[in-house]
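Enquirer: Here it is, the structure, as structure tokens.
Every number here is computed from the coordinates shown, using simple stated rules; none is lab data. Treat the numbers as computed from the prediction; the structure is a model and nothing was measured. No Cβ is skipped: glycine too gets one built from the backbone with ideal geometry, and neighbour counts run over all protein chains shown.
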Amino acid sequence: MDLNYGSEMEGFRDEVKAFVQGNWPLSGEEADLPMDKQAATFRARAIAHGYLYRNIPQRYGGSEQEPDVLKAQIIREEFGRKWAPQEARGIGTMMLVPTLLERGEEWQKDKFVRTTITGEVAWCQGYSEPGSGSDLASLKTRGELQGDEWVINGQKIWTSGAHLADYMFCLVRTEPDASKHAGISYLLIDMKQPGIEVRPLRMMTGSADFNEVFLNDARTPADWIVGKRGEGWLVSRTTLKHERNSIGAAQQTRAGLKGLVDLAKKSKVAGRPALEDSTIRQRLAEIEGYVKAHQYSGYRQLTKDAKGEEAGLIALMMKLFSTEIGHKSSALSLDLLGEEGLLSAGNAELGVQAKDSQGWIARYMYTLGIAVAGGTANIQRNVIAERGLGLPRDAAANRSSSK
Amino acid sequence: MNFDLTDEQLMLQDTVGQAMLNECPVTHLRTIFDGDSGHDGALWETLSGLGIVGLAIPEEYGGAGLEILDLAVTAETLGYHAAPGPFLGHVLAALAIAEGGSPEQKEKWLPGLASGERIGTVALAESGGQWQPDQWQLPRGDTLTGKKEFVPFGEIADLIVVGATGGQLAVVEKDAPGISLAVVDGVDLTRRFQEVDFASTPCEWLGQGAPAERVRDVGRVLLAADAFGGSQRLLEMCVEYAKTREQFGVTIGHFQALKHQLASMALDVEPNRGLYWFAAYAQDHARDEAERIAAIARAHVADRFMQVARDAVEAHGGIGFTWECDVQIWFKRAMFDRAFMGTPAEDRERSLQLAGL
Ligand SMILES: Cc1cc2nc3c(=O)[nH]c(=O)nc-3n(C[C@H](O)[C@H](O)[C@H](O)COP(=O)(O)OP(=O)(O)OC[C@H]3O[C@@H](n4cnc5c(N)ncnc54)[C@H](O)[C@@H]3O)c2cc1C
């Protein structure tokens with residue numbers, strides 16, 4: 001065991017440090033640019049140095065470096081230390097781009113990868129439907145090939161960011177006669193067309209970040225399909241392993257704990273400083289136990305990833321573990337807020353970091369969104385029990401496989 | 001960055017595990033568990049022969065000169081097998097002497113402890129749950145007078161490392177005058193206790209360094225490691241049972257409610273592996289974090305072990321509630337790991353204080 005990165009890696013860290021030092025924040029006239037332009041300017045330089053989008057070929061706008069999870073981690077750490085822009089975290093960069101790189105046609109990569117990672121185009125993920133959530137493969141939205149176009153009819157729901165998106169990557173039933181999973185294709189669809197209507201859905205926090213998407217004779221060219229017809233299920237399961245951010249989630253729970261400690265420092269319980277209350281102290285310290293367990297589990301994964309080995313059971317648990325830590329932290333935050341727990345979530349931005357009381361209220365609710373999105377806690381437990389512990393597969397789920 | 005065990009550490013676990021399977025399978029464990037002393041001389045000899053009772057004793061005194069992480073991975077395996085006997089008290093006594101003894105004292109005691117020919121233990125607790133060095137009140141003098149509670153295997157120990165006022169440690173030999181022992185009716189029959197009363201008992205003081213703090217922190221780490229190993233074993237027992245026990249015409253592992261309970265148990269076990277690893281690693285490589293992370297790890301892993309043990313009883317149904325079912329053995333190990341050296345609540349309070357909160 002050795003928690004040092006080693007001298008070669010520390011040399012690399014020095015290079016990255018020097019780069020960030022010299023390039024962020026921007027200076028001179030560039031410092032007056034709007035924030036998104038500043039970020040784009042910085043990212044372009046970071047790409048030129050091989051620090052961002054390392055697994056993306058240069059011809060698609062990446063920096064095409066040898067995969068190295070440790071270097072990737074060092075870059076995240078050093079950029080993070082100075083709040084320098086990192087890789088864009090949109091669903092397009094995180095889910096579509098890896099899928100295209102692995103499964104897409106040359107022209108698809110050419111057309112979409114560069115503009116997606118620069119943020120010129122935004123994507124949304126059209127998977128869930130009113131009748132198909134956990135049992136995603138039961139989805140009903142139909143696509144029919146008419147001439148050189150797919151004509152798509154149906155409805156998607158809970159589609160985050162659909163109101164802002166230029167395109168949607170979408171699972172559509174194109175082979176009605178094939179078996180459940182084999183009947184699905186992975187299509188790319190232009191959102192700006194008459195056949196698509198986006199209706200915002202107001203979330204419990206009060207803001208409207210997800211939507212219903214109605215597809216009425218929506219059209220997309222015949223070759224805007226990733227993989228072959230009927231391979232959509234498989235394609236949607238593609239993830240690029242290299243340089244996976246195996247400790248990102250743990251870093252977020254750590255940041256969450258730090259926020260909770262700061263909140264405790266300024267809160268009162270029954271008129272006295274919260275940090276003098278032994279119950280609050282115990283709960284805070286108990287949460288830290290979970291957060292530390294999360295952190296070192298992340299290091300275990302990072303090590304396995306660096307060696308190219310499978311991390312095993314722990315890898316199946318990270319989402320549920322974050323969810324559970326989120327529940328515990330949320331419960332404590334509400335007690336710390338006291339009477340401010342009567343406030344609305346206001347217009348607080350959603351995220352791990354809460355800046356004020358209303359931000360904490362938003363976060364209190366948002367941890368539930370995270371629990372549900374991308375596979376509910378029960379579905380995670382199914383996966384742990386079946387794939388992790390080798391228990392029998394659910395009879396119903398065998399018929400109708402879940403996310 | 002390599003946050004993983006070395007091949008040597010994995011081999012160590014494998015060797016210890018094999019020895020436990022050969023010498024102390026559950027059938028044998030049960031005879032020790034139900035027996036008078038909770039100690040098995042033959043098993044102790046085997047473990048001594050493997051070198052694990054002197055793992056962290058310097059090589060010049062006959063030990064293996066390894067680190068706390070090596071000791072901890074061993075404790076995990078012993079916890080997995082619910083190894084009965086004086087391992088914990090013994091290695092802590094050896095650590096105290098290795099850290100705090102003069103060269104003559106080390107020369108006198110460590111070789112015997114390293115080979116396992118002599119058994120050591122620690123006398124820490126004073127009445128009212130005063131386990132911590134800064135709480136000890138036993139007066140410091142040329143001799144010792146006063147009472148120590150919950151001394152593991154005090155009866156078979158050849159020497160006892162005793163905590164006294166000011167966090168000082170003294171060593172008392174078994175045949176010294178003025179020692180009287182009383183049996184404690186402990187819950188964990190794999191790790192028995194005596195209460196030890198000293199009356200003008202001659203002793204030698206360990207004057208170097210801060211061995212009491214080291215004993216406290218490494219003790220917590222070893223409890224966490226034991227708890228991780230024990231909880232892992234219980235999880236496996238439950239999964240195995242779910243795959244064999246049938247109800248309603250199928251194995252009970254088909255029922256989603258039980259599957260989810262087992263998944264939750266797994267979530268109470270697996271993430272703690274890295275936590276105890278780091279707590280152990282910190283004892284040698286991140287000394288400024290050592291006390292705090294040891295406290296966090298012990299509180300967390302022991303609490304999770306206790307929860308898993310409760311869940312394990314339920315997962316076995318009626319048989320789970322019997323003396324006959326092996327679950328109870330680990331259940332009681334959990335009770336030991338949770339209460340020996342103070343409570344998780346005290347560990348947590350301390351962890352906050354150490355963070356300046
Ligand atoms: C904030 C947020 C953002 C989202 N963004 C997107 C997006 O951008 N694109 C997109 O496609 N989707 C998105 N989703 C949808 C999300 O993926 C689904 O909500 C999720 O997969 C659950 O599906 P469902 O809502 O139909 O619930 P259901 O599947 O109906 O689940 C309801 C309850 O039943 C339980 N359940 C279901 N099946 C089982 C089973 N087999 N075993 C045990 N329990 C079961 C669930 O655990 C849950 O508790 C988002 C959701 C949220 C909350």
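Enquirer: Using 7 Å Cα-to-Cβ label points, what is the B:E314/B:A210 separation (nm, one decimal)?
Expert: The two pseudo-label positions are separated by 4.2 nm.
Enquirer: Sequence-distant or interchain residues sharing an amide H contact under 5 Å with B:W205, placed H: which?
Expert: B:V171
Enquirer: Under the rule a/c < 1.5 gives rounded, and otherwise a/b versus b/c splits prolate from oblate, where does the range B:212-354 land using the Cα gyration tensor?
Expert: The shape class here is prolate.
Enquirer: Residues with amide H under 5 Å of A:E129's amide H, sequence separation 5 or more or different chain, H placed in the peptide plane at 1.01 Å from N; which?
Expert: A:I157
Enquirer: Mind giving me the FRET efficiency for B:A182 and B:R30? R0 is 25 Å, r the Cβ-Cβ distance, nearest 0.05 is fine.
Expert: After rounding to 0.05, the efficiency reads 0.45.
Enquirer: Mind listing the long-range amide H neighbours of B:R118? Cut-off is under 5 Å, sequence gap 5 or more, other chains count too, H placed in the peptide plane at 1.01 Å from N.
Expert: Those lying under 5 Å, H to H, from B:R118 are B:L113.
Enquirer: Arrange A:D110, B:D70, A:D277 by Cβ neighbour counts within 10 Å, fewest through most, would you?
Expert: A:D110, A:D277, B:D70
Enquirer: To the nearest 0.05, what FRET efficiency results for B:D142 and A:D2 with a Förster distance of 35 Å applied to their C-beta separation?
Expert: Here the calculated transfer efficiency is 0.15.
Enquirer: Same structure again: Report ³J(HN,Hα) in whole Hz for each residue of the range B:196-211, in order, from the Karplus equation J = 6.51 cos²θ - 1.76 cosθ + 1.60 where θ = phi - 60°; Gly and Pro get x.
Expert: Values per residue, Gly and Pro as x: 10, 10, 9, 10, 6, 7, x, 8, 10, 8, 9, x, 9, x, 10, x Hz.
Enquirer: Tell me, B:S231, A:S63 in order of fewest to most beta-carbon neighbours within 10 Å?
Expert: A:S63, B:S231
Enquirer: Once you place label points 7 Å from the Cα toward the Cβ at A:L343 and A:R202, how far apart are they in nm?
Expert: 2.1 nm
Enquirer: While we're on this one: Select from chain A the helices, each a whole stretch of DSSP H, whose alpha-carbon atoms run 15 Å or more along the helix axis and whose Kyte-Doolittle mean is at least 0.0; answer none if there are none.
Expert: Both cut-offs are met by A:313-337, A:357-372.
Enquirer: What net charge do the residues around B:H28 carry, taking every other residue with its C-beta under 14 Å from that of B:H28, with Lys and Arg at +1 and Asp and Glu at -1?
Expert: -3
Enquirer: Now, a different point. On a 0 to 90° scale, report how tilted helix B:272-285 is relative to the longest principal axis of chain B, with both axes built from alpha carbons and the result rounded to the nearest 10.
Expert: Between helix and principal axis, roughly 20 degrees.
Enquirer: I want to check the label-to-label distance for A:F214 and A:L33. Put each point 7 Å from Cα in the C-beta direction and report it in nm to one decimal.
Expert: Those two pseudo-labels are separated by 4.1 nm.
Enquirer: In nm, what is the difference between 0.36 nm times the number of residues separating A:E120 and A:D190 and their Cα-Cα distance?
Expert: Additional length available on full extension: 23.8 nm.
Enquirer: Among A:I189, A:I74, A:I91, rank each residue by its count of other Cβ atoms within 10 Å, from fewest to most, as a rough exposure measure.
Expert: Arranged by neighbour count, lowest to highest, A:I189, A:I74, A:I91 become A:I91, A:I74, A:I189.
Enquirer: Karplus couplings for the range A:226-236 from phi (6.51 cos²θ - 1.76 cosθ + 1.60, θ = phi - 60°), rounded to Hz, Gly and Pro as x?
Expert: Each residue of the range A:226-236 in turn: 9, x, 8, 4, x, 9, x, 4, 4, 4, 5 Hz.
Enquirer: Can you compute 3J(HN,Hα) from phi for each residue in the range B:310-316, using the Karplus curve 6.51 cos²θ - 1.76 cosθ + 1.60 with θ = phi - 60°, rounded to whole Hz and x for Gly and Pro?
Expert: So the J values, rounded to whole Hz, are 5, 4, 5, 4, 4, 5, 9.
Enquirer: Checking the table A:K292/A:K319; A:K292/B:K243; A:K192/A:K228; B:K108/B:K174 against a 22 Å threshold on Cα-Cα, which pairs fail?
Expert: Over 22 Å Cα-Cα: A:K292/B:K243; A:K192/A:K228.
Enquirer: When a/c is below 1.5 the answer is rounded, else prolate if a/b is larger than b/c, else oblate, so apply that to the range A:1-83 with a ≥ b ≥ c taken from the square roots of the Cα gyration tensor eigenvalues.
Expert: It is oblate, given that a/c is not under 1.5 and a/b is not larger than b/c.
Enquirer: When the helix-only estimate is applied to chain A (DSSP H runs of n ≥ 4, each -39,500 (n - 2.57), divided by the residue count), what is the mean residue ellipticity at 222 nm, nearest 500 deg cm²/dmol?
Expert: Helices in chain A give a 222 nm mean residue ellipticity of -13500 deg cm²/dmol.
Enquirer: How charged is the neighbourhood of B:T77? Take every other residue with its Cβ under 12 Å from the Cβ of B:T77, and add Lys/Arg as +1 and Asp/Glu as -1.
Expert: The answer is -3.
Enquirer: Can you figure out the FRET efficiency of B:D288 with A:V261, using R₀ = 30 Å and their beta-carbon distance, to the nearest 0.05?
Expert: 0.95
Enquirer: Around B:D197, what is the net charge, scoring Lys/Arg as +1 and Asp/Glu as -1 over all other residues with Cβ under 15 Å from its Cβ?
Expert: That works out to -1.
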